[in-house]
Each structure stands twice: as structure tokens, then as C-alpha cells.
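The values are calculated or read from the model by the stated rules, or taken from the named source; none is laboratory data. Just so we're clear, the structure is a prediction, and the values are computed from it rather than from any experiment. Positions of Cβ are generated from backbone atoms using ideal geometry, with glycine treated the same way; all protein chains shown enter the neighbour counts. With ligands, DNA and RNA removed, areas are computed over all heavy atoms of the protein, side chains included. Shrake-Rupley method; radii C 1.70, N 1.55, O 1.52, S 1.80 Å.
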Amino acid sequence: MGGLEIPVSGWECGKLRGSLERVLVSPGMKISFIALIGAAFSALALVSTPLPPSAVAEPTVEASATRIELQGAVNVRDIGGYRTYDGARVKSGKAFRADSLEKLTEADVQKLGTLNLRAAVDLRTPAEVQFAGPDKLPAGVQAVARPIDDTGLFQQMLQAIQSRDPQKQEELLGGGRAEQIMAGVYRSFLSEASRNAFGQTIRDLANSDRATLYHCTAGKDRTGWLTYVVLRAVGVPESTARQDYLLSNQYRAAADAKLREQVKQAGLMQNPDLLIPLQEVRDAYLNTAIQQMEQSYGDFGKFLTQGLGLDPGTILKLRKNLVS
């Protein structure tokens, strides 16, 4: 199988470690839960062992030119290149979004070393980092831990999969319930702790004269929401920012399908397609966060200032730093 891992948050690590040590055996295959869900549930992203870039379908939209191809991560991109409302363009080489970096090869690390990175902001929880591993970064790049927690549902998910009980898994994830889980995740992005972490990362992007990389586990939910906010904040049309968010489905497709196959082969789920809503990004998920934002703050501008605590000067600095 490859090295799949479970990022955990909201659960007692010692208790989970005991569960992880109870290794499951299927014909010809020894599988621990770390090898099962593939850095799953990073605020709700299921992630499998990265595949070589050539194995992942290339997107057909503008962002395809911004992809950073690595062997140990599949969803790494420069967010530069997008046009703003006034015809300017987001600068390349200033802000990078990614999935987790603990599986990077030596060649990958060398490639990151060419990007002039000042810092890599890790949005994973401490438990995710403990079980998946710390980032592999070039020398001189500051590692910044800025965790954004999940919604505390991981224990329930782990118990369902550990049960190998198709009925329990269907009751938990089937009939639209996985989608409801994801809606809860996206609403949690508007919590005070999450807003503080997102806001500080945007301040970093505004104030750094070098490049900043930020990532979670799958690079799709926490990272996707942050990128959506940043692009809109500097004047990129909403439809374009949304398109960038949805690109994760294309970059992650092959790796996510491989994870589902492995879970089925391990005898852990008869219907691994139940995981698909947790692996994907969807318009409906993004809309949930947007609706929560509008209910709480009225409009996007007030969300930036009141929700994320960004003063007008910082927003202007962000645009000046990221837009040519």
C-alpha cells in the first residue's frame, strides 16, 4: 500500500495511538489505521499517497500554468496569474498553496528551494503533524505552525471505518450525511479561532517581501477557503476565485481514487465511494462558508475587516504585494 496516514484532531492522542497499534490484517497485506485513511480528515480532507504528477489529470483552465509539480505532493500551486477586475494580474512567485509536505523527496525540497520562500505556514493541527510528520522544507525557510482545528468528528469517523460494518458506515456517511459533515466543516471556518489563523496568514502575505507558502493536509478545504478569500481580497472576480478552489478535484482525482481502492482491498469498506464527498471540493461546500460569512458580517468587505481583523491599510498592502 503506500504510506497513508491519519491526521487526527479532537481526539486523545494516546488513546488513538493504542487503536493504531492494533494492526489489521487482510490477505497478503498488513494495514494499520495510519496506512488506512491517508492523512484523512484534515479539516476534513481524505488524502492518499501522492502519485507522480504525470498520473494526475491536468486541469484545463488558466491555473494549469501555476502548478508546481512534485513527487511527494499533488496539489501545489502558485496562485499568481489571475486577472483582477481592473485588468491587473496577481503576481507569480509571491504566494503558494499546497497540500502537506511531509512526503517530499529530496528533489522536491530542492525545487521548493528555488521559490524564494520566506515561510511555510502549516494549517494542520498538532495531532495531524504528529501522525503524518512535519514538513520537509529547504534550509532557511521558516516553519510556521498555525493550526486550524477540525470539527471534532474524527473519532466518529475512525470508529465507523474500524468497525468494518457497512451498515454503520452507510448510516454515518450515506444519504447525504457526508455532505452534512462537510457543511459543518465549512461553517467552522467562521469560528473565532479559525478567523484569527486565516487573518494572520493574510497579514503575512501582505507584509512579506519574499514568497509565502501555506498548506493543510489535502490542500483543498482550509487552504482552498484561504486562497478564495485572498484572491477576492485583491480584486480577482468571484467566479475566478471559485474556479481556483474547484481545481483541487482535478489535481487530487487519481490519488483519491487510489485511496478508495486501497480501503476496499483492505476489507475496511465495501462501499468506499461513501468517502467521495469527504475527498472532494464542491460549490455547495464553498457556498456554505459564504452564506455563513454573509449572515455574520453582511458582505465580503466587512468580513475582511470585522471577521478577519484586517485594517484597510493591510488590505491595500496585500494588494500592492500580490498584484502587479
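Here are the numbers:
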| item | result |
| --- | --- |
| Lone qualifier among Thr314, Thr305 - being at negative phi, surrounded by 14 or more Cβ atoms within 10 Å (Cβ to Cβ) and free of Cβ contacts under 8 Å to residues at least 60 places away in the same chain | Thr305 |
| Yes/no for Pro147 being modelled with pLDDT of 90 or more and closer than 25 Å to Pro272 by Cα | no |
| All helices (runs of 4 or more DSSP H) inside region 142-211 with 1 or more residues being open to solvent by 70 Å² or more (accessible area, probe 1.4 Å), farther than 30 Å from Gln270 by Cα and free of Cβ contacts under 8 Å to residues at least 12 places away in the same chain | 192-207 |
| Qualifying residue in region 79-89 (condition: of a type in the set (Asp, Glu) and either buried (at least 23 other Cβ atoms within 10 Å of the Cβ) or in contact with a helix residue (DSSP H, G or I) (Cβ under 7 Å, 6 or more places away or on another chain) (or both)) | no |
| Whichever residue in region 101-136 is part of a loop (DSSP other than H, G, I, E, B) and either touching a His at 6+ places or on another chain (Cβ under 6 Å) or open to solvent by 40 Å² or more (accessible area, probe 1.4 Å) (or both) and, among such residues, is nearest to Glu238 (Cα to Cα) | Asn116 |
| Residue identified as open to solvent by less than 50 Å² (accessible area, probe 1.4 Å), over 23 Å from Ile79 (Cβ atoms) and hydroxyl-bearing (Ser, Thr, Tyr) among Tyr245, Tyr251, Tyr297, Tyr285 | Tyr297 |
| Residue under evaluation Phe131, criteria (1) touching a Gly at 6+ places or on another chain (Cβ under 9 Å); (2) more than 28 Å from Lys320 (Cβ to Cβ); (3) of a type in the set (Phe, Trp, Tyr), criterion not met | (1) |
